[in-house]
Every structure is written in C-alpha cells, then in structure tokens.
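Below you'll find the structure, written out as structure tokens, and then a few comments.
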Amino acid sequence: MIELADITKTYRMGEVDITVLSDVSLKVRQGELIAIMGPSGSGKSTLMNIIGCLDRPTSGVYRFEQREISTLSDDELASVRNVKIGFVFQTFNLLPRFSALKNVEVPLIYSGVPARVRRERAIPLLEQVGLSERMHHKPTELSGGQQQRVAIARALVNHPPLLLADEPTGNLDSRSGEEILKILTGLNNQGVTIIIVTHDPGVAARCKRNIHLKDGQIVGDQVTA
Amino acid sequence: MNFLETFRVSFEAILSNKVRSGLTMLGVIIGVMAVILLVSIGEGARVYITKELTGLGTNLLIIQPGKTSTSGGFHPPSAGTVRKLTYDDAQALKRRAWLLTDAVPLVFGTGRIKFGNLGRDTMIIGTTPEFQRVRNLYVDTGSFISQGDVDSKAKIVVLGTKVKEELFGDQNALGKVVMLSDARYRVVGVMRKKGTSLGMDIDDVVYVPVTSGQELFDTDSLFEIIASTPRAEDTDRAIAQIKDILMKRHAHKEDFTLQTQGAMLDTMNTILGVLTAVLGGIAGISLLVGGIGIMNIMLVSVRERTREIGIRKALGARNKDIMAQFMIEAMTLSGAGGIIGILIGVGLALIIPVFIDVLPTSVSAWSILMAFTFSAAVGVFFGVYPARKAALQDPIQALRYE
C-alpha cells in the first residue's frame, strides 16, 4: 500500500544542511499494525510527516496506493490527507470551540459532505468509541482519554485506509492508554492499516511489526507476531 | 467546502470573541458613521443654501455696471465703473424687454436712521414698487413705495420689522417722521417679518424710492438691476435681449455684467461640493484607520489560531479554504460594522437638525452606498494580508505551535 524508496530529508539551518532522514526505504502492506520507535531526534516525526503527506521528501520516491506523492501540489496533498489518511496526535489537537460531534465532522466539511450526512456519519463513530452520551460536550469538558477517542473518531470519519498515530498514549494515564490501544488494535482487526510512533515498548509489543530508527536511518525492522 | 459552511465557521470565531470583535467593529462603525454624518451635513448646507437663494425669488438676472470677464460668482458693486447703469436703463428694459416680467433698479448702502433720541445703523435700499414681487418680500402694514413716489423722489420710507421694533417698539410707526442720514422721511409702511437668510437679517433694512436713494447716496448710477423672467427656459433669450437693449444705450459697449441666479447657484454648489468632499475625505481617513484596526486584530487572530489552522490543514483543508475562512471573518467584521455605522450615522443625521437648528442635514443615498462599499472594500483590502498569512502556514509548524 505504501512504498518509500530512498527517502532523504534535509533541513537548512543557517549555513549548514541537517540530514534528518537518509535513504529510508520502507514498504507497508494493507492491514499492517506497525510501531515506529527510536530516540528523540532519530527522525520518527519527520518520517511520520512524510508518510502523512504533511511534508515532502528532499529526494526519493513515495508511492501511496501506487500513486507518486512527492510531486503533488499543496492542494492535492490536502486532498490525500483528507480522504486517505487519519491522524491521531499526542496532544489530541481537537478544535477547542467545537463540540465533540462537530470536531468529528471537520474532515467531512473539507470533503464537501452536506451537514445532514456529516451528522449521520459522525454519530455512529462516536458511539463506536463509546462517547455517544458526550458528543455535545466541548473538548475542555472531556478527559484526556475521551478527547483521544474523539480524535480517533475524527480520524476515521472519512474511512481512510491508513491511520497515523503519533504517541497516541503519550499524554494519557495507563488505563486510558490501554483503552485507546484496544480501540486501535480493534480497528486493525477490521482491516485498517495503522502506523504508531511511540517511545513505549509496551505499545510496541502490541504491534505486529516494529521499526527502529536511529540517526535518520532504519536500524531494525522485525515482525513480532 | 461550501460558502455557507465557511461563513458559519467565521461567524462562530467572531462570536467566540465578542468584546474584541465589538471593539474592532467600532473602528469601522465610527468611520462609516463619520462619513455619512459629515457628508449629510455638507449636503444639508447645499440644500439649505439653494433653498434660501431661490426663496428670494426665482429666475433672477442681476445686471451690474462694469464688465468682468467671468460668468457667475460674486462681484461686489465696484467704484470707478467706466459707464454707469442708470434709472433710465432700468426703465428702458422694463419698457422694451418683453421677455422680462420686471426690471427693478437698486441702490443700497448703510446709513443712520433716527427717531426721537433712538438711532440705528441699518441698510438702506432704494428701489421701485416691483421689488416686492421680484424678491418675494411684501409690505405688512401701510403701503410699499409707489411709482408716484419714485417719479417724485418722495421722502418716504418703508421699515423692516426689526428697524420698526428698535425705533418704535409697539407704537404705530405709520405717518411718523424719521431722520435718514439727516434728511426727513415719512414712514409709509412696515414690511412683513422674514427672518435671517444666508447670515443677513432681511428685517434689518429700510426701503426708499430709488430716486430718493440716489440722492441720499449722492450718485446718479444704480448698483444693480434685478430682472426676472417668468420661465427658466427663457433665461438665455432674456439675456440676449437685455444685452441688445443696454448695448444700444451704451454706445455698443458691453460695459455691464449679467449674472444669472443659476450661475450663482452653480458656483455655490461647486464650493459646497468641494466642502462636502473634503469632509467626506476626512471621515474616510477614520474609516481607513478602522480598516487598519481590522487588519491588526486579524493578524492577532491568525497567530492565536495557528494551531487550529494546522489541525484544519492536517484534516484536509486546502489553502483556499483557510484563506476564505479568514477573509470572510474580516469582511463580516467590516460589513457588520458598516451596517451599524450606517444606521447610527443616518440616525444622527436625522436627529441633529431637531436639536441644533443651524445645522441642517440631508442624508443622500450615494453617501450611504459609498460608505458601505468603502467599508466592504476595507474588509477585503485589510483582510487579504492576514488571510494569506494564515493560508500559507506550514501545517507541521502550525501543529507544533503552542
């Protein structure tokens, strides 16, 4: 489903070029559950941003469902993010002024889905993550675990084939973290491809494949289950 | 993303920050209000002056001795005129210019009028009976100057109400003898009260026969002849006729100046039009300042919502979606401010003349339209920069923004 070939990313910091990723090649098949691990500064986030079409590689080829991504325009990338990729962030990143339901609807707004249909699609997803009673609450009125469940519902609302989670349990207590992991593994069982960036070996242990990054290169890639 | 949705998002953003949005709008409200109010005052002055000028008789032609090359404008009667305009000229016009209803000779100046031990400096106008009709000023008690008085240089005087009150109070003035610049004049009438027009007190005047007036001012010339035509369309032909008759009498020289009331009105309108434009321009500057206020707040708002912009972009918002969101926000602020400003401006323009009667106002549709268009344009102009800044945010940086 995803194919990265010789992806290199360099940033220019004043006079020096800093290489964050060098010659990373990676293939992800439909239905995988992958943990990307590595110390800070290893390039995890950059790799995630490139896979998530938020950033473009300096060189190399990135194919998403056989389509070359690296050359797309900003608007085309936006559309890929909207339809093909769901994001779950460490800090939840919900819109603070909107209710849970409205937050879940946001990706559909940018797909041009009419308001009535948006509701019809958002409500069952909130039910699926166990928040049917709190859907009219604002993020500040929800616990961290509940906020992250709203974020997952939002990531899924356009039925994307790929879900990217950046430290999804990083800001949660262990019980809420466990609930989130259960939801994610459950989704994977339904066929959604999931890539999780994490520090937590416990989270990595729940994934089917672990990729280790160090200094911008893949230093380990083993299938655990 | 459709327009309605974008509008809803923008509107929610405005409502979520009521105080700030209100203050931002206030800048535009004051600007639009000032434009409408000041333009209304300028327009009001124009309408007022037009009304006052035409209230002193319509379709008037004013003939003054001496030639000035310009058409229109005010030309005070000047001394040292090449050739005088005489009572006989006025009589000739009256007899032969058939397009004119009247040709009234005038001399005027100031002089002292005394009755008993009371005295008053006042304006003295020497004229003929037709003056009443031409200038729309009529006698109230007694009688006005008659043709007989003019022919016989009668020492009679008609008083304006103010002069009558000052000298006689409630007493009857008719038949009394007053001293007018050391000559004895008998009061034969008192004018109807008229009030002030264009800063001149029309009631603070006395009228004498034109021939007596010439004697009083020691001149055989007239200061002007006021002619009137029954219809505005005849003005041009009447001018030709006047020129023809007068030039024959003046050795074929055009040594007099003809002013039409229309030309005077035009001049006044031009002056007041410039005044209105200047007032509107000054008010426009405050609208501009209001626009800068919008830009300022929008820049703050974009910065504050950097993270929101990042989230929206990650979820699939295109640059133009973000741009539209902030543009509509800016335009809603300026548009709503514009409408409120119009309502307050028009309201004040209608209320002010009720309390301050020297300040007439006239609300014109074009000033409302201009103020609104301008305020909407301000929203677009000052909204573009912040909205562009928002749209071009890098999603990764924006998501990291704390």
### Query
What are the lysines whose alpha-carbon lies under 17 Å from the alpha-carbon of B:K162, with same-chain residues fewer than 8 places away excluded?
B:K114, B:K176, B:K193, B:K194
### Message
Quick check on packing: order A:204-217, B:24-37, A:35-48, B:265-278 by the mean number of other C-beta atoms within 10 Å, highest mean leading.
### Response
B:24-37, A:35-48, A:204-217, B:265-278
### Query
Dipole of segment B:105-226, Cα-centred, from +1 at each Lys and Arg C-beta and -1 at each Asp and Glu C-beta, to the nearest 20 debye?
320
### Task
Hydropathy first: keep DSSP H helices in chain B averaging at least 1.0 on Kyte-Doolittle, then drop any whose Cα extent along the axis falls short of 30 Å, and list what survives.
B:18-55, B:261-304, B:319-355, B:365-391
## Note on the structure
Answer check: segment B:271-347, Cα atoms, Kirkwood Rh, Rg/Rh ratio of 1.18
### Query
Nearest 20 debye, what's the magnitude of the dipole of segment A:61-151 about its Cα centre given +1 on Lys and Arg Cβ and -1 on Asp and Glu Cβ?
220
### Query
How are the Cα pair distances of segment B:76-173 distributed, in percent, across 10 Å bins from 0?
12, 39, 34, 13, 2
### Message
Quick check: from the Cα gyration tensor, does segment B:175-231 come out rounded (a/c under 1.5), prolate or oblate?
### Response
oblate
### Task
Please give the average number of partner chain Cβ atoms lying within 10 Å of the Cβ of each residue in B:303-315, rounded to a whole number.
6
#### Entry: Exposure proxy ranking, count of Cβ atoms within 10 Å, fewest first, for B:T196, B:T332
B:T196, B:T332
### Query
Taking only C-alpha pairs under 8 Å that are 6+ residues apart, what is the relative contact order of segment B:105-226 in percent?
37
### Convex hull per residue volume in Å³, alpha carbons only, for segment B:105-226
96
#### Entry: log10 of Debye I(q)/I(0), alpha-carbon scatterers only, for chain A at 0.08, 0.09, 0.15, 0.18 Å⁻¹
-0.29, -0.36, -1.00, -1.36
### Query
For the charge dipole of segment A:135-200, defined by +1 on Lys and Arg C-beta atoms and -1 on Asp and Glu C-beta atoms about the Cα centroid, which residue among A:G145, A:G191, A:N171 has the Cα displaced farthest towards the positive pole?
A:G191
### Summary
Stokes-Einstein, Kirkwood over Cα pairs, chain B, 37 °C, 0.692 mPa s; D in µm²/s equals 126
### Summary
Fewest-first ordering of B:T229, A:T71 by Cβ atoms within 10 Å yields A:T71, B:T229
### Over segment B:117-173, volume per residue of the alpha carbon convex hull, in Å³
101
### Query
How large, in Å, is segment A:43-94 by the Kirkwood hydrodynamic radius built from its alpha-carbon pairs?
11.7
### Message
Quick check on the exposure proxy: order B:R95, B:R305, A:R154, A:R63 from fewest to most C-beta atoms within 10 angstrom.
### Response
B:R95, A:R63, B:R305, A:R154
### Summary
Share of Cα-Cα pairs in the protein assembly as shown beyond 43 Å, whole percent, is 53
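Read the figures in this text as sums done on the coordinates, not as results from a lab. All figures in this text were calculated on a predicted structure; none of them were measured in a lab. All Cβ positions, glycine included, derive from the backbone under ideal geometry; neighbour counts span all protein chains shown.
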